[in-house]
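The values are calculated or read from the model by the stated rules, or taken from the named source; none is laboratory data. All values reported here derive from a predicted model rather than from experimental measurement. Because the Cβ atoms are built from the backbone with ideal geometry, glycine has one as well, and the counts that use them run over all protein chains shown. Ligands, DNA and RNA are stripped out before the accessible areas are found, and what is left, the full protein with its side chains, is counted by its heavy atoms. Shrake-Rupley method; radii C 1.70, N 1.55, O 1.52, S 1.80 Å.
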Amino acid sequence: MKKNIFRAALSAVALSSLICFSSCDDLLNPAKENIRGLDAMDKEPSYAQGFFANAYILLPYSSSPGSDLATDDAVSNDIDNGYLKMATGSWTSDNDPMSQWQARRNAIQYINIFLEHVDKVEWAKDENVKTMFRDRFKGEAYALRALQLFYLLRAHAGVDASGNLMGVPIVTHSEAGGSDFNTPRSTFADCIDSIYADANRALALLPLDYGDVSDDEIPAKYRSLGVTHGSDYNRVCGDVAKGRISTRIVEALLAQVSLFAASPAYSNGSGISYDEAAKRAAVVLNRIGGVSGLDPKGYNQWFTDAKGIKDLANGDNFKEVLWRGGKSGSDDHGMESDNYPPSIYGKGRVNPTQNLVDAFPALNGYPITDAASNYDPNNPYENRDPRLAAYIVVNGSKIGSGNAEIITGVYGTNKDVINKENGYSTRTGYYLRKSLRADCNLDPSTTTGQEHISPRIRYTEIFLDYAEAANEAYGPTGNGGNQYSAYDVIKAIRQRAGIGLVNNDAYLESVKNDKAKMRELIRNERRLELCFENHRFYDLRRWKVDLSKLNETAKGVEISKADDGSLLFKTVKAEERSYKDYMYYGPIPYQEALKWSNLTQNAGWQ
């Protein structure tokens with residue numbers, strides 16, 4: 001609810017460990033016991049930083065694959081799961097698990113308040129240090145406002161009843177009790193322009209990366225101000241700031257935004273082309289040497305490399321990870337508790353579908369529907385893309401600190417069997433492996449967790465962004481002036497996974513001169529590489545795939561034994577989907593549209 005944006009935002013401030021003041025009844029009218037108002041941050045940099053910290057606390061990233069449960073990639077065994085209900089016919093403007101309205105608006109309110117004070121804060125006594133702090137914090141604020149608006153737009157942009165592609169209200173000032181909340185939605189194009197404008201402001205202020213420098217490595221713009229000591233620069237932009245949003249991250253954000261805006265569902269109203277999207281992605285990739293910079297371990301190291309995770313210093317990353325959240329404690333087993341199979345004390349919540357399993361090609365690179373793949377339906381998990389075993393627990397897989405064998409076939413004898421026990425066992429014959437530490441132990445008598453990292457942006461995503469945009473703009477082998485093409489990127493990604501090594505990836509070679517077939521391959525590679533990372537729900541919609549694809553029945557596999565002991569595989573229905581033709585775009589929250597006459601709803605939604 002719009003009038004409560006500033007109240008809700010302030011409640012989050014009270015939760016922040018960085019702020020040491022009593023909670024307020026109202027942002028503008030603090031309770032008597034809290035005698036400090038917002039102006040207090042002008043003289044107290046720690047207060048200002050604590051206030052601004054909430055823009056990070058409210059970042060829209062999740063380590064759990066929630067939205068994937070509403071796609072053809074997965075189902076949940078929890079009958080009360082909101083995404084399950086959404087996918088099976090209960091998605092309404094008053095019941096929207098995908099809504100970003102309140103959280104993004106809250107974050108933007110924080111940022112706007114901070115921007116109205118940042119120039120007045122006494123960041124330091126030394127004028128040069130004060131300037132550097134002011135630049136950094138303003139840059140971060142503009143960058144985070146762009147990011148928050150993007151996620152708000154992605155969830156709520158859509159076509160109105162008149163056929164106009166609309167965005168959301170653009171708010172660039174703080175809102176108070178007397179503000180006019182009955183503001184109309186801006187056009188989609190205006191929202192994209194606003195994101196670009198904030199991102200460009202950020203790029204002018206932020207360093208490429210954070211990290212300590214020596215005296216002779218101080219950036220020229222600060223040397224020209226008279227900054228001569230690396231220690232002064234490091235105080236502001238050194239190792240102490242690692243993990244905060246930087247120029248490199250903003251460039252990646254612009255690549256994401258551009259591809260989204262150039263996609264079929266938005267291109268007619270965005271003014272953004274695939275050429276623009278390819279160029280934005282190339283800026284990011286060229287900084288790491290293009291295709292040669294693809295991390296050879298990037299498809300799974302960030303959740304399988306126990307020593308590497310342990311040794312990561314604060315703010316440091318694997319080569320694959322462009323930006324991540326903080327490293328969890330060594331006792332963390334939340335994802336494992338939710339998703340390990342029940343025989344090893346997990347809840348098995350995310351169940352990958354047969355649909356997704358079938359999307360992984362054979363080891364020689366051919367789709368399993370192609371006779372050249374040599375796919376054996378009686379031995380379906382052999383000679384397959386190694387990413388299948390890396391991301392999904394299939395019948396006979398081993399997982400957990402005890403290396404337990406998981407039997408999902410109906411011949412099994414424990415809770416791991418398909419549909420054995422409602423709410424715990426798999427509904428599809430598969431369990432999740434991706435993002436889970438294999439060395440956690442959930443046995444109640446000897447429970448041990450492990451450290452985890454949660455990537456926010458992976459370089460592989462940006463490579464796939466480039467491949468998609470470049471294929472559409474220049475064709476499979478065109479490069480638009482860069483040193484690499486969509487074909488080059490996809491070849492490198494598949495080679496990294498071990499695909500087509502025995503035959504020079506003959507399937508890729510067979511489609512490299514066909515834009516439509518390359519598009520299909522790129523989209524499938526994106527599906528595989530980014531599965532369970534909350535991308536596919538929005539990918540399917542921005543691509544404007546046929547409605548039958550949104551409503552593709554989620555399937556599983558029932559595995560039994562024949563009299564001779566051989567295994568028999570039967571595809572079964574796991575979950576019917578029920579999306580309507582207007583559900584390519586999410587709704588404006590019902591209560592918001594009800595309250596504000598100028599806030600129009602997207603077509604089809606009530």
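On average over all directions, what projected area in square nanometres does the chain have, based on the convex hull of its Cα atoms?
Numbers: hull surface 116.7 nm².
So the mean shadow area of the Cα hull is 29.2 nm².
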Sorted by chain and then number, the residues having a modelled amide H within less than 5 Å of the amide H of THR187, at least 5 places away or on another chain, are GLY167
Long-range amide H partners of ALA74, meaning residues 5 or more apart or on another chain whose placed amide H is closer than 5 Å, are THR353
Going residue by residue through region 407-414, the Karplus relation 6.51 cos²θ - 1.76 cosθ + 1.60 with θ = phi - 60° gives ³J(HN,Hα) values, rounded to whole Hz and with x marking Gly or Pro, of 10, 9, x, 5, 7, x, 10, 10
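Taking the highest mean first, how do the peptides 159-169, 108-118 order by number of other beta carbon atoms within 10 angstrom per residue?
Details: 159-169: 17.2, 108-118: 22.5.
Most protected by this proxy first, the peptides run 108-118, 159-169.
Rg to Rh ratio, region 427-515, alpha-carbon atoms and Kirkwood radius? Spell out each step's value before the answer.
Working: Rg = 19.1 Å, Rh = 16.3 Å.
Rounded to two decimals, Rg/Rh equals 1.17.
Assuming 0.36 nm per residue, please report the length gained on full extension of the stretch ALA404 to GLU576 beyond their Cα-Cα distance. The partial results should precede the final answer.
On the way: separation 172, 0.36 × 172 = 61.92 nm, distance 3.18 nm.
Full extension of this stretch gives 58.7 nm more.
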Rounded to the nearest Å, the spacing of the alpha-carbon centers of region 243-315 and region 545-606 is 28
On the accessible surface of region 76-192, probed at 1.4 Å with all protein chains in place, carbon and sulfur together account for a percent value of 43
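What FRET efficiency comes out for THR88 versus GLU116 if R0 is 51 angstrom and r is the Cβ-Cβ distance? Round to the nearest 0.05.
Numbers: r = 45 Å, r/R0 = 0.88.
Taking R0 as 51 Å, the efficiency between THR88 and GLU116 is 0.70.
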Which residues qualify? For LEU568, with a placed amide H closer than 5 Å and at least 5 residues away or on another chain, they are SER560, LYS561, ALA562
With 0.36 nm assigned to each residue of separation and the Cα-Cα distance removed, GLU217 to GLN606 gains 134.3 nm
Distance in nm between THR553 and ALA161 label points, each 7 Å along Cα→Cβ, equals 3.8
Calc'd 3J(HN,Hα), region 208-215, phi into Karplus 6.51 cos²θ - 1.76 cosθ + 1.60 (θ = phi - 60°), Hz, glycine/Pro = x, comes to 4, 9, 9, x, 5, 10, 8, 4
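Starting with the highest mean, order 294-301, 317-324, 334-341 by the number of other Cβ atoms within 10 Å, averaged over the residues of each peptide. Write out the running numbers ahead of the final one.
Numbers: 294-301: 17.6, 317-324: 19.6, 334-341: 22.1.
The densest-packed peptide leads the list: 334-341, 317-324, 294-301.
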CD proxy, 222 nm, the chain: helix-only mean residue ellipticity via -39,500 (n - 2.57) per DSSP H run with n ≥ 4, per residue, nearest 500, stands at -11000 deg cm²/dmol
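Please give me, ordered by residue number, the GluC sites (Glu not before Pro) of region 376-458 that lie in loop per DSSP and have at most 12 other Cβ atoms within 10 Å.
On the way: sites: GLU382, GLU405, GLU421, GLU451; in loops: GLU382, GLU421, GLU451.
The qualifying sites are GLU382.
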For the ASP275, THR447 Cβ pair and Förster radius 56 Å, calculated FRET efficiency rounded to 0.05 is 0.60
In this structure, the FRET efficiency calculated for ASN374 and ALA176 from their beta-carbon separation, with R0 = 41 Å, to the nearest 0.05, is 0.05
For the chain, dividing by residue count, accessible area per residue (probe 1.4 Å) in Å² works out to 40
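Work out, in µm²/s and without decimals, the Stokes-Einstein translational diffusion coefficient of region 123-209 at 4 °C, 1.567 mPa s, Rh from Kirkwood over C-alpha pairs.
Working: Rh = 14.7 Å.
Diffusion coefficient, whole number: 88 µm²/s.
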With the label point 7 Å along the Cα-to-beta-carbon line of ASN414 and a cut-off under 17 Å to each amide N, the hits in region 373-396 are 393-396
The rounded separation in angstrom of the Cα centers of region 407-486 and region 321-390 is 6
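So which of LYS130/LYS221; LYS297/LYS319; LYS515/LYS555 end up more than 20 Å apart by C-alpha?
Values: LYS130/LYS221 14 Å; LYS297/LYS319 9 Å; LYS515/LYS555 30 Å.
With Cα atoms farther than 20 Å apart: LYS515/LYS555.
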Residue-ordered couplings for region 426-440, obtained by feeding phi - 60° into the Karplus form 6.51 cos²θ - 1.76 cosθ + 1.60 and rounding to whole Hz (Gly and Pro as x), are 5, 9, 10, x, 9, 10, 7, 10, 4, 6, 8, 7, 6, 9, 7
Hits for the chain under the membrane-span-like helix rule (DSSP H, Cα axial span at least 27 Å, Kyte-Doolittle mean at least -0.5) are 127-156
Residue separation between LYS319 and LYS307 times 0.36 nm, minus their alpha-carbon distance, gives in nm 2.8 nm
